[in-house]
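The values are calculated or read from the model by the stated rules, or taken from the named source; none is laboratory data. All values derive from a computational prediction rather than experimental measurement. All Cβ positions, even for glycine, are placed from backbone atoms using ideal geometry, and neighbour counts span all protein chains on display. These accessible areas exclude ligands, DNA and RNA; they are computed on the full protein's heavy atoms, side chains included. Shrake-Rupley method; radii C 1.70, N 1.55, O 1.52, S 1.80 Å.
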Amino acid sequence: PPGWTLESVSRGGQLVPDDLIELTTEDVTGLVLTFSKTPTRVSGSIADANGAPDPNADVIIFPADTTLWRDGIIHNRRARMMRATSAGTFEASGLAPGEYCLAAISAGSMTDWQDPSFLERIVPGAMRILLGSGEEKTVPLKTVTPRGR
């Protein structure tokens, strides 16, 4: 519903990674969906190599836990790609609580951002943050160029 954000999914007392539930012929039991009226939020500024605001960068937010994306499973509650604003800033809300990598990618360096091999190339230059339930964080990013090809 409007104003509410899905915070977590658990089954049998265990968190369901990336909200994936395998459906079989048996009934689904012990499923708990937790919602919050206070969504997570991460925002910040983007600076180029000279320290000036970079309105041409793209920002990628993805799980620090590589098992969540190495198989090409990218869930919009845990991964986002957005363009910088004209002021060289960004904002994302509604991410699931967890540890994330954030990277500002230089203009023209973006390929298929959901490709695990591309994400591997940007991990070394990414900033890591831990985002708790309902938490807001503001971070400064520096534009990077992905390593290798």
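Summary of values
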| read-out | value |
| --- | --- |
| Residues within the stretch 105-132 that are under 15 Å from the mean Cα position of the chain (by Cα), among the hydrophobic types (A, V, I, L, M, F, W, C) and either at pLDDT 95 or above or open to solvent by 10 Å² or more (accessible area, probe 1.4 Å) (or both), tallied | 6 |
| Scope the stretch 4-38; condition open to solvent by less than 50 Å² (accessible area, probe 1.4 Å) and either in a loop (DSSP other than H, G, I, E, B) or at pLDDT 85 or above (or both); matching residues | V16, G30 |
| Residue pairs meeting the criteria (Cβ under 7 Å; at least 6 apart or on separate chains; first closer than 17 Å to A87 by Cα, in the stretch 52-73; second among the hydrophobic types (A, V, I, L, M, F, W, C) and open to solvent by 40 Å² or more (accessible area, probe 1.4 Å)) | P53/A87; P55/A87; N56/A107; A57/A107; D58/M81; D58/M110 |
| Single unsatisfied condition, L102 versus (1) free of Cβ contacts under 8 Å to residues at least 60 places away in the same chain; (2) under 11 Å from the mean Cα position of the chain (by Cα); (3) closer than 15 Å to L141 by Cα | (1) |
| Selected residue (criterion: farthest from A84 (Cα to Cα)) from residues of the stretch 39-51 that are part of a strand (DSSP E or B) and of a type in the set (A, V, I, L, M, F, W, C) | V42 |
| Residue check for N56: within 11 Å of the chain's Cα centre (by Cα), modelled with pLDDT under 95 and either closer than 18 Å to P146 by Cα or open to solvent by 20 Å² or more (accessible area, probe 1.4 Å) (or both) | no |
